[in-house]
Amino acid sequence: MSPTTYIIPKLTTEQKELVRLVFEMEEPNLWIDRLALLPSSGLGIRMSRATVYRLKQQLELEENLSDRESIKEQARAVANEEQNATLESAAINLLHEKAFSLAASKDRADLRTACRIVQQLATVQKRTSKADVAQKNEPIFEQTEAFRLKIAKLALLHFGEIGSIRGNQTLSEDRKHRMVVERLFS
């Protein structure tokens, strides 16, 4: 193996960012010469065409993996929100039952406690219903610019596959959608 094959693992984060910039800004036929320039504008390393393309593939792979991690983090956040909503509704039901059982008591302290629980639940339910009304007026999924860019990058990486799926007349629209989702997110 030539020494150029060992360049890729030794690149620093800053050097990788420079290489990404070169790949984005320069034409492919200029990559080798641009990267061979001195470190202020290049890496100062002359690489073979094969090494440059391996480096490009590795950087794309790293970017895809970081995008996947970000998507996993977003999915975890959504799952936690859903779990919290379930726990909240369970707690409210439990408090309703507790207030009902206390209301059946003849003890004045139990009756007062039941009244306080009912009052607090009414306050919580008013806040919840106002929040529900506010949420219904907002879009269900807020699409941030960063999220849109990530989806666009994934779509471009799989552009050929997506095009062949879209052009397949034997597939239903629902099946096409599922296949595109599988390509992008699996």
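For region 102-139, residues that are modelled with pLDDT of 70 or more and out of contact with any Lys or Arg (no Cβ under 7 Å at 6 or more places or on another chain) total 25. One residue alone among Ala75, Ala79, Ala50 is surrounded by 11 or more Cβ atoms within 10 Å (Cβ to Cβ), modelled with pLDDT under 80 and of a type in the set (Gly, Ala, Ser), and that residue is Ala75. Only one entry in Glu24, Glu63, Glu17 is surrounded by 13 or more Cβ atoms within 10 Å (Cβ to Cβ) and within 21 Å of Lys153 (Cα to Cα), namely Glu63.
On the stretch given as region 28-59, residues that are under 15 Å from Leu11 (Cα atoms), β-branched (Val, Ile, Thr) and part of a helix (DSSP H, G or I) total 2.
From the list Arg166, Arg178, the lone residue that is assigned to a helix (DSSP H, G or I), at pLDDT 70 or above, out of contact with any helix residue (DSSP H, G or I) (no Cβ under 8 Å at 6 or more places or on another chain) and surrounded by 10 or more Cβ atoms within 10 Å (Cβ to Cβ) is Arg178. Pairs meeting the criteria (first residue in region 97-110 and open to solvent by 50 Å² or more (accessible area, probe 1.4 Å), second residue not β-branched (Val, Ile, Thr), beta carbons under 6 Å, at least 6 apart or on different chains) are Ala103/Ala114.
Cβ-Cβ contacts under 9 Å between residues 6 or more apart (or on different chains), taken from a first residue in region 8-23 that is more than 15 Å from Ser40 (Cα to Cα) to a second residue that is open to solvent by 90 Å² or more (accessible area, probe 1.4 Å), are listed as Ile8/Arg54.
The values are calculated or read from the model by the stated rules, or taken from the named source; none is laboratory data. Every value quoted in this text rests on a predicted model; they were computed, and no experiment measured them. Ideal geometry is used to build each Cβ from the backbone, glycine not excepted, and the neighbour counts take in all protein chains shown. Side chains are part of the model used for accessible areas, which takes the heavy atoms of the whole protein and leaves out ligands, DNA and RNA. Shrake-Rupley method; radii C 1.70, N 1.55, O 1.52, S 1.80 Å.
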